[in-house]
Structure formats: C-alpha cells, structure tokens
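To start, the structure under review is shown below, and the notes come after it.
The values are calculated or read from the model by the stated rules, or taken from the named source; none is laboratory data. Note that this is a predicted model, so its numbers are computed, not measured. Positions of Cβ are backbone-derived with ideal geometry, glycine not excepted, and every protein chain shown enters the neighbour counts. We work out accessible area using only protein heavy atoms, side chains counted, and drop any ligands, DNA or RNA first. Shrake-Rupley method; radii C 1.70, N 1.55, O 1.52, S 1.80 Å.
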Amino acid sequence: MELEHDYLDTNGIRLHVVQAGPKSGIPVLLLHGFPEFWYGWRKQIPALAEAGFRVIVPDQRGYNLSDKPEGVRRFRMDELVKDILGLIDTLEYRKVNLVGHDWGAAVAWMLAYYHPGRLQRLGILNVPHPLVFRRFVTRDFEQMRRSWYAFFF
C-alpha cells in the first residue's frame, strides 16, 4: 500500500496530509492526538485503505510538517475546526467520516457540534462528549487533575 504525502492549503496555512486507498473510496479523515502526528494512525491506515476507504490523515496545525503559525490565538479551537473544514473543501468532499483521538477528538467533537452536516459519521477515541466533560471537570477534583494539560494548552 502506497502512502501519498501532500501539502494542502486550508484556512491560511499549509497542512501536511497523508492519504491512502482508492480515490473513489468513502473518505475517512483521522485526527491525531497530542503530541502526535499522522504516524500515530500508521496501523489503521492500511486496514482502512485495504477495506476500500479513502484515508486522509493530516498533521494538524503546529505538528510535524504542517505550518506552525505564530501566536497563541492562531491555535484556538475555532481555527483548528476551520482547518479541517477547509481540508474537506480542498479535497472536494461534501461529507466525510471523521475519527479523532485525544486532542484530535476534541477538534472532531467541535466540528460535529457546529457543522454536523459535513459529517457522515463521527468516531471518538478517548474523549467524552464536551458537555459530559464539562460537568465532570467542574465537579470532580481527580478529573481536574487529569485534565490539567488540556487547560494549559
């Protein structure tokens, strides 16, 4: 199976994107966690591609070979969501199947919340629904302790 490495423009930046599988396949976009990059999905990419899916795995903004814009404001959640929406548009998909892990799951949740019409399906690994997370992180000290890094970033 061949991995295609590309650089695609979206939301004023350039993302490094790995793709695999038939171009006519149903699109599955995989978002990595922190502090990972596309390589974190290396074992899932071949399985999905061999099953006939078109697998799209970007290095998100600030990671690995993708652009790293200056300033904290350039890394707000709304910018990260716009990056993925722009990527979907650049690849000329109306809807995709989106899977997120860890920090990528947070981005995926927000994209699903604000733009549900852009998704066929949503898969989330290791992050609860944002409303459930908020309820627990504001009442449970142990959850606050475990989630400190999310607030830091």
- [ ] Can you send over the carbon and sulfur percentage of the accessible area for the chain, probe radius 1.4 Å, protein chains only?
- [x] 56
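Explain nothing, just the number: dipole magnitude of region 1-77 about its Cα centre with +1 on each Lys and Arg Cβ and -1 on each Asp and Glu Cβ, in debye rounded to the nearest 20. Please list the in-between numbers first.
Details: 10 positive and 9 negative charges, 62 e Å.
Dipole about the Cα centre, nearest 20: 300 debye.
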Open item on the list: How big is the dipole moment of the chain about its Cα centre under a simple scheme where the beta carbon of each Lys and Arg is +1, that of each Asp and Glu is -1, and everything else is neutral? Debye, nearest 20, please.
Closed with: 560
Open item on the list: What whole-number distance in Å separates the alpha-carbon centres of region 82-134 and region 1-73?
Closed with: 14
TODO: Rounded to whole Hz and in sequence order, give me ³J(HN,Hα) for region 79-93 from the Karplus expression 6.51 cos²θ - 1.76 cosθ + 1.60, θ = phi - 60°, writing x for Gly and Pro.
DONE: 5, 5, 5, 4, 4, 6, 4, x, 5, 4, 5, 4, 7, 6, 9
TODO: Name the residue farthest towards the positive end of the dipole of the chain from the options Ala49, Ser147, Ala105, assuming +1 on Cβ of Lys and Arg, -1 on Cβ of Asp and Glu, about the Cα centre.
DONE: Ser147
- [ ] Tell me which residues come under 5 Å, amide H to amide H, from Arg54 once H is placed; ignore anything under 5 positions away on its chain.
- [x] Gly25, Ile26, Val28
- [ ] Would you mind checking which residues have amide H under 5 Å from Leu119's amide H? H placed 1.01 Å from N; only 5 or more apart, or other chain.
- [x] Val96
Task: Listed values [x] 15.4, 48; [y] 16.3, 60; [z] 17.1, 51, entry calculated as Rg and Dmax of the Cα atoms in Å - done: [x]
Task: Table column - 3J(HN,Hα) (Hz), region 114-124, Karplus curve with 6.51, -1.76, 1.60, x for Gly and Pro - done: 8, 9, x, x, 8, 10, 7, 9, 10, x, 10
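So with the 1.4 Å probe, I'd like the accessible area per residue for the chain, rounded to whole Å². Walk me through the numbers on the way to the answer.
Numbers: 8920 Å² over 153 residues.
I get 58 Å² per residue for this part.
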